[in-house]
1. Restricting the search to segment B:43-59, which residues are in contact with a helix residue (DSSP H, G or I) (Cβ under 7 Å, 6 or more places away or on another chain) and within 18 Å of B:Ser194 (Cβ to Cβ)?
2. Among what's in segment A:127-145 and is under 19 Å from the mean Cα position of the chain (by Cα) and not hydroxyl-bearing (Ser, Thr, Tyr), pick the residue that is surrounded by the fewest Cβ atoms within 10 Å (Cβ to Cβ).
3. Within segment A:14-35, does at least one residue satisfy the condition of being at pLDDT 95 or above and in contact with a Leu (Cβ under 6 Å, 6 or more places away or on another chain)?
4. Report whether or not B:Leu15 is surrounded by fewer than 20 Cβ atoms within 10 Å (Cβ to Cβ) and more than 16 Å from ligand 4 (Cβ to nearest atom).
5. Pick out the one residue from A:Gly343, A:Gly349 that is exposed (fewer than 13 other Cβ atoms within 10 Å of the Cβ), within 16 Å of ligand 2 (Cβ to nearest atom), modelled with pLDDT under 80 and more than 9 Å from chain B (Cβ to nearest Cβ).
6. Would you mind stating whether B:Lys24 is away from ligand 1 (no atom under 16 Å from the Cβ), closer than 17 Å to A:Asp353 by Cα and of a type in the set (Lys, Arg)?
7. Going through segment A:179-206 one residue at a time, which ones are surrounded by 24 or more Cβ atoms within 10 Å (Cβ to Cβ) and either within 16 Å of ligand 3 (Cβ to nearest atom) or among the hydroxyl-bearing types (Ser, Thr, Tyr) (or both)?
Amino acid sequence: MALPGDDLESGNSATVCKRCNENEATHKIRSESVCAKCFAAYVTTKAVKRMETFKVRASSSKAPRKFLLPLSFGPSSASLLYILDQHLRNQYERMNRAAYELYVVHIDLYLDDADKKESADLLEKYKGLFSRHTYCSHGLDEALSLGNIDWKALGISSLWQVTERTSTERLQQLIGSMPSATSKADIISTLLTRLLVEVAKENGCESILFADSTTRLAEKTLTETAKGRGFSLPWQVSDGASPYGVGFNYPLRDILKKEVVAFTSLTAPSIKDLVKLPQPLSQISASSKTTTIDDLMVQYFESVEENFPSIVANVVRTSSKLKPLINYDVSACSVCGLPVAEGTDGIYGWGGDQNSVSRAATEDTHRDILCYGCSRSING
Amino acid sequence: MAPVPCAICKTSRALIIRPKNHQKLCKACFIAIFEAEIHHTITTTALFSPGDRIAIGASGGKDSTVLASVLKTLNERYNYGLELFLLSIDEGIKGYRDDSLETVKRNAQQYDMPLKIVGYDELYGWTMDQVVETIGKKGNCTYCGVFRRQALDRGAKMLGIKHVVTGHNADDVAETILMNLLRGDLPRLARSTSIVTGDSTSDVRRSKPLKYAYEKEIVLYAHHKKLDYFSTECLYSPEAFRGSARTLIKSLERVRPSTILDVVRSGEDMAKLVPEEVTGLSQCKSQKVSLSSADGEEDGSAGCGSNGRSSGGEMADMERKLQDDEAASGREMEITAVPLTNGQQHARVAGKSRKDVGRKLTRQTLGTCKQCGYMSSQDICKACMLLEGLNKNRPKMEIEIDVEDEESSTLRRKIEGLALAAG
Ligand SMILES: [Zn+2]
Ligand SMILES: [Zn+2]
Ligand SMILES: [Zn+2]
Ligand SMILES: [Zn+2]
């Protein structure tokens, strides 16, 4: 199989690596042909540079800092774990201590027993390979017991009246009650984020290290914009504090998705067998009921990345310039928990909400504070 | 199959599925609600005051024709007290405007509105045909675009009118937001979202009363009101970024019809998050009023870019430029790591810990052109600079523009919209 990063120029005679001038060039960094070794070094350096400040801080404080690393088993999180494991190993070798510790967490999204077993086995393999770190796993259903989400706002309080249901069944009912595939994906990602924040806090992690690539962050920029969540971008694509009281950081933000994928075949020890590749996007039909906005953006940026990688990076640079608003009254969305301006009424009460006649009737008079995006997902 | 009753009046048969929210409506209720929504936009944003003289930028296309028709209706129904004018631009391309200007002339009679047609020759001393003769076909869209941006404002000034309304719809605004994200232009993104550009201090304000109206609903309205409009609005296909954003918006709309509105909302919210050093505007100001379109290509429907479609050249050019920038500053940039902030202190909210890794943000300040007095961020505005160049050399080159194959695509879009009307 030819990986996107693998393509050589017009493959007559072997090209020599532009960086070391020794080995045969097998990969590309943007337009530069390089060997596998130089390519792997490039990816590693990009990620480690983002973590660099840790070394400095380590000398001043005694206890190592703790970071949560969410591991989905995809190419990005697997690569990040590999790179940081190496980084920490180097620190031990040179200084006999490390600047930080990793708390690796896997969240099970699919809750049937076979899937759970499979992911538990896979997590064991990661543990075997990178044994230095702490590991744990949680089911997404645990998000249902988070006290800081107002489930009434989701309009399905009936879920809690029937006590004999398992949390898995409740989660499935909750997701099933969402009006579209996009809304389902949206609520899943909200629950995932809130659960990760909870796990990070419970375990004393000061930041979450998300493994999003440049391409993924560009997708997110446009996906969130398309879902009416433009207001939340400062916390979704930038490094730093989140409103949840835990830092969000993206060490792979300078690496394209195709570069991350290519990287997974170059590691020693190999992680190739441990990586779950995403389902290939066979021509998504835009009319299909199961297609989500997220799917469309993945597909869109796959082609942009192929021809215009720097434009992908520029999208991320651009959205990272957005700054959270300060100095205004805020309250939190009852579902996603992000700050919204006082007076925000979900998809209602703004210029684009032009008449009440076309509104769907709401049963309850009490309306919870919802951000535009969550309100859209609930109301369809 | 039993006929479905209209969701609003519950009596008439529903014949229209509203593209915006898939509500099933009868013809009369659709027309009523479409007008009521634009009335809502006009009143909640206090767009007009009694006695205002308003120029409607009229191209003869569906958007501006619907705008003229709706404004006339609302002005009479709600006693806005407006004096409405039609203002059309003639670029001076032989044959191109003939049909659309005929349409506008008929509209002027139908709506009983005074019409003013201003030509590029009158405004700039050059027709587009003469520009093409001088500089050749390549690059002429730059001239046309720059001239067009100022033409409506200059035309309004000639009429002594201080407020121009244009037919930009929600699709155009959403497209512009995505486009500016794709090409990394936050100042333009921020500007494009506000309903009014320019304020009381500027000579001519611009606004877009159809900002929240779906293109498909505009087509439906024009169709059911049997409005007289010209189906080719735009001579050229859009440039690559806009074309790409347009395709994306269409796909998104199919997956979730509300997306067009949702993108507009995101854009409005994001405009408030663009730091002052990027916009050159204070936050409170940028929320309500924004700069004029002096330097901006905000005009969604006024596409001009004769070779954008086939080559994707604009995106390739930008890619090349970005790669050069990266190569130049690459080494330094790699060292500037963003420090991880402690989650407990909301350091980023204080705006301190984030260092911009990319290029320097240039502060834009707004003044007026020293030559023509038109709003500009430079001493001499782009139009005057281009004119200076043109006036210096008038070499002759005979080049023809071919206009033919563009018409079909606009027509196709129109038909797509109409297809939904089948109830
Ligand atoms: Zn090499
Ligand atoms: Zn929310
Ligand atoms: Zn009706
Ligand atoms: Zn000027």
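1. Of everything in segment B:43-59, those that are in contact with a helix residue (DSSP H, G or I) (Cβ under 7 Å, 6 or more places away or on another chain) and within 18 Å of B:Ser194 (Cβ to Cβ) turn out to be B:Phe48, B:Gly57.
2. A:Cys136
3. Within segment A:14-35, not a single residue is at pLDDT 95 or above and in contact with a Leu (Cβ under 6 Å, 6 or more places away or on another chain).
4. On the way: surrounded by fewer than 20 Cβ atoms within 10 Å (Cβ to Cβ): yes; more than 16 Å from ligand 4 (Cβ to nearest atom): yes.
Considered against the rule, which asks whether it is surrounded by fewer than 20 Cβ atoms within 10 Å (Cβ to Cβ) and more than 16 Å from ligand 4 (Cβ to nearest atom), B:Leu15 comes out as yes.
5. A:Gly343
6. Numbers: away from ligand 1 (no atom under 16 Å from the Cβ): yes; closer than 17 Å to A:Asp353 by Cα: no; of a type in the set (Lys, Arg): yes.
Considered against the rule, which asks whether it is away from ligand 1 (no atom under 16 Å from the Cβ), closer than 17 Å to A:Asp353 by Cα and of a type in the set (Lys, Arg), B:Lys24 comes out as no.
7. A:Thr182
Each row is one residue, and each column tells you yes or no for (1) closer than 24 Å to B:Asp269 by Cβ; (2) assigned by TED's automatic domain parsing to the domain that holds A:Val304; (3) assigned to a loop (DSSP other than H, G, I, E, B).
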| residue | (1), (2), (3) |
| --- | --- |
| A:Ser137 | no, yes, no |
| A:Ala153 | yes, yes, no |
| A:Arg165 | no, yes, yes |
| A:Thr182 | yes, yes, no |
| A:Asp186 | yes, yes, no |
| A:Thr223 | yes, yes, no |
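The values are calculated or read from the model by the stated rules, or taken from the named source; none is laboratory data. Because the structure is a prediction, the values reported are computed rather than measured. Neighbour counts are summed over all protein chains in view; Cβ atoms, including those assigned to glycine, are modelled from backbone coordinates with ideal geometry.
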